[in-house]
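Taking it in order: structure first as C-alpha cells, then the write-up.
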Amino acid sequence: MTLQGQQIPFPKGRRYAGNAILLVITAAVVLYFCLLLVLYYQSSEELRENSLEQFRYETEKRVASIGFFFAEQKDDLMNLVSSREINVFFENRALGMSMEYGLNLSLPPIAYRFQELIRKKRFVSDAMYERLVLIDKNGSILVDTKPENVFKKNWKLYLAPQYRNEPTILLIDNELVVSVAYFFKGQYEAQLVAWVKREVITKRLIGETLSEKDRIWLALKDTHPPKVIIPQQDTLPAYQQPFNANKDVLPESGKPILFTATTKDVISRDWIHISIPVTGTAFEIIREVQRKLVLGRISPAWQLMAMISVALLIIGSAFFNILLNIKTQNLRRNLEESMRREVEVYRTLAENSLTGVFVIQGGLVVYITEQAALAYGYNVDELIGMKPGRIISPEDRANTRWMAIDMIKGNSKVPYEYSVITKNNNVRWILETVSPIIYNGRPAILGNCIDITERRKREILNLHSQKLESVGQLAAGIAHEINTPIQFIGDNITFMKGAFQDIISLSAILDAVKKDDLLSHEVAKDILARIQEKEDEIDLDFLKKEVPQAIDQSLDGLKRVARIVQAMREFSHPGGENKTDIDINKAIESTITLTKNEWKYSAELTTALAPDLPIVQGYPADFNQVILNIIINAAQALQEKGGKGGPEKERIEISTRQDGKEVEICIRDTGPGIPAEAQSRIFDPFFTTKEVGKGTGQGLSIAQNIIVKKHGGKIFFETKPGEGTAFYIRLPMVTETTGQRL
C-alpha cells in the first residue's frame, strides 16, 4: 500500500513466502525438466537397443545364408555317399574281388561321378568344390580328383566314422572340408571328403573385400583367439584381424558387445562385436563394426549431460523438450498402432484370401490358414507341426522339391502343380508358389496354394475332347491312308484265290494217280502229259513267282494298317493323372504316321532323332497333342505358301537332342513365317492367323499350357518372314535311378 510522500514496506514474512514460492516453482520446473531429460535418455537407450537389435538381425540373416550354403554341400555329399557307383565297388570287394582282378574297374565310375559334381556345382565361373577324395578305412586313397605329386598327406587324420548319417564341415590342416563316413552292411568302410573353395564362400557370402569400418569373418567356434577361416587369417593384415582376439573373456554367442580397440593409425575407437554360430557346423560368424556406424558418434550419457547444462542456462528449453518428448511418444504410439493395424490387415488378408497361405520353418508347418488346410484335405490342427512332404503324392515328391528350391533361389517364377493325398485317401491337385521370409526372427518359407482339382479335371476332359476333335479332322486322311493298303490287300487275296483253285485242279490229277497202285507205262506217260498240260494251262511258273510276292505285299499292307491304328490308339488315349516315362522319339514317329495325309502332298518330312535320348517324365498323350498341333500348323502354312502338288515340295524337319539337363525337340518348316505383328500373341487363346473356319486359335495355347505348366518345360519359336519358322520344346530330364529332375 502506498501513500503520497511515504512508502510502507512489504511485510518480511510475506517476502520470504514469495521467495519460497518462486523457489518451489523454479525447483519444480527444473525437476520436471530433469525428469523429461531422464525420459529422453531412456528413449535414447531404447533407440540404441533397437539399433543393436537391427545389427544383430542383419548379421543373423548372413548366418542363415551361410547355413543354407553349407546345408547344400552336406546334401551333395549325402547324395554321393548313397550313390550306386560307391555301393557297387564295396559290393564287389565284399564278394572277394581284388584290385588286381577287376575291382579297380569299379573306381572310374566313382571318379566320373565326383568330376560331374565338381563341374556342375559352380558359382558364376568358379567351381564350388576344389577336390573330392574317397579314403579307405585303412587310410589309403581309393579315388582322388586332384592327386598330389609333391607330398603325401596323413589320410588317417580324415577318417571320422562318427559322422555316419550327417556330413560335417571340418577344418583339417587349415583346409575347409565337408566329410561323411560310408558304412557298408553296418561296417565302417570309407570316408568321403570334399574340399570347399574358400574363394567361392568369400565371393558368395561375405564379399571379396573387407572394410576397415565393417568387417565380417567365418571362424571356428569356441576358439580364443578366434581362428579365422574366411578370409584366410594368415593372408590378412593386422588391422583386419578380429579385435576381440586379444580379449580374455569371449562374449555370449549372439549378443552384441561394445569394446575399445586401437586401429593401425594408433587411434582408440569404439567397436561393436557379435559372434553367431552357424547351425549344423563347427563355425561361427564374427562381425565387428565401428560403434558410430550403428549407435552414432555421441553416447546417450554425454547427450544427457550436455542437455542438463543447457537446461540450467535456458529453462525455456524445457518446454521444447516436453513438446519433443510428447511428439516422440505420440509418434511411437501411432507407429505401434499402425503396425498393429498392419498386422491385423495382413492376417485378415491371409485368412480371407481365395488362396491358402502357410509358413514352413525347420521343415515343419508352423502356420496355415483354413483355406490352405481345406485345399490339402485336412484340418488346421492336423497340419501344424507336420512335414509337408508327407501329404504329397510319392510320384510328385522329388519334382515338387526341386521346383520349390528353384523358386526359393529365384531361378523360377512360374507356379508349379503337384498332387496330394488327403486324409480320406483322395487325390487333389495343388497350384503353389513359395518364397523365403523371416518368421519370428528365423528363416522360413512362405507359401501360397490353391486347389485346382476341378480345373485339372476340366483340362483333362477338354484336352481329350480336343484330341478326339483332331482325330475327327484327320479322319478323311486317315481313311485314305488305310484304304490304299486295304485295296491292294483285297486285289492280292482275289489273285491268290484264283491261283489256289488252279493248284487244286492240278492236285486232283495227282490224287487220281494215288488211287491206282499199278500203273502201266502207257498210263504213266498219259498222266505225265496231262500234268504238263495242266501246268501250262495254269502257268505254274508264274504262280510260283507271284504268289509269294502277293503274300509279302499283303503282310506289308496289314503292317501299315496296324501302324496307323496303333498311332490312333496312342494319340486318342486319355492318359492318367500321374506322370510316366515318355519315349520322345516313338511319340514323334506315331504322330507323324497319324498326320501323313496332311503334309505328304505339300511337304517332304524328314527326321533326325537322337537314338540315345534320355528318359523324360510327363504325360504321353498330352505330349502327342502338342506335336500334332505344331505339325498340322506347319503343313497348313506350307499349303498356303506353295499349294498342293507343286513341282518342288517344301520341307518339314523334326529333330531331337539332349542339351545339358534338358531334352530339346525342334520342328522346323520352310513356310511363310509368322508376321511380326502376330508374334507377341501367338500363344494367346483363340488367336489365329488362318482364315475363318480353318483354325480355332487354341492349338498353340494348349501346347504352351501342356509344356510349361504340366511338364515344367519351355516352348518358344524362331521365325523369319518368307523363310520359315522353328518351334523349340525343352523338357527337363530325370535320373534313371531316382526319377528326380536333374
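The values are calculated or read from the model by the stated rules, or taken from the named source; none is laboratory data. Worth saying up front: this structure is predicted, and the values here are computed from it rather than measured. Every residue, glycine among them, receives a Cβ derived from its backbone with ideal geometry; neighbour counts consider all protein chains shown.
None of Ile392, Ile437, Ile430 is surrounded by fewer than 17 Cβ atoms within 10 Å (Cβ to Cβ) and hydrophobic (A, V, I, L, M, F, W, C) except Ile437. Residues in the stretch 398-446 that are touching a Leu at 6+ places or on another chain (Cβ under 6 Å) and part of a strand (DSSP E or B): Glu417, Ser435, Ile437. Residues in the stretch 129-143 that are within 15 Å of Ser179 (Cα to Cα) and not in a strand (DSSP E or B): 2 in all. Can you find a residue in the stretch 215-235 that is of a type in the set (Val, Ile, Thr), over 20 Å from Tyr129 (Cα atoms), modelled with pLDDT of 65 or more and surrounded by fewer than 16 Cβ atoms within 10 Å (Cβ to Cβ)? Within the stretch 215-235, one or more residues are of a type in the set (Val, Ile, Thr), over 20 Å from Tyr129 (Cα atoms), modelled with pLDDT of 65 or more and surrounded by fewer than 16 Cβ atoms within 10 Å (Cβ to Cβ).
Considering Ser435, Ser470, which residue is outside the structural domain of Leu700 (by TED's automatic domain parsing) and modelled with pLDDT under 80?
Values: Ser435 fails: modelled with pLDDT under 80.
Answer to the selection: Ser470.
Counting only residues that are at pLDDT 75 or above and farther than 30 Å from Ile392 by Cα, give me the strands (runs of 3 or more DSSP E) lying completely in the stretch 509-619 with at least 3 of them.
Numbers: elements: 580-582, 603-609, 616-618.
By residue number, 603-609.
Out of everything in the stretch 690-742 that is assigned to a strand (DSSP E or B) and basic (Lys, Arg), what residue ends up being modelled with the lowest pLDDT? Looking at the filtered set, the residue picked out is Arg741. Only one of the numbered conditions (1) buried (at least 17 other Cβ atoms within 10 Å of the Cβ); (2) at pLDDT 75 or above; (3) among the charged types (D, E, K, R) is violated by Arg442, and that is (1). Pairs meeting the criteria (first residue in the stretch 678-693 and under 13 Å from Asn629 (Cβ atoms) and surrounded by 13 or more Cβ atoms within 10 Å (Cβ to Cβ), second residue at pLDDT 75 or above and of a type in the set (Phe, Trp, Tyr), beta carbons under 8 Å, at least 6 apart or on different chains) are Ile682/Phe717. Among the conditions (1) more than 29 Å from Asp75 (Cα to Cα); (2) touching a Pro at 6+ places or on another chain (Cβ under 6 Å), the only one that Ile408 does not satisfy is (1).
Restricting Ala350, Ala372 to those that are more than 30 Å from Val30 (Cα to Cα), touching a Cys at 6+ places or on another chain (Cβ under 7 Å) and either part of a helix (DSSP H, G or I) or modelled with pLDDT of 75 or more (or both) reduces the list to Ala372. Of Glu58, Glu100, Glu116, all but one fail to be over 21 Å from Tyr188 (Cβ atoms) and part of a loop (DSSP other than H, G, I, E, B); the exception is Glu100.
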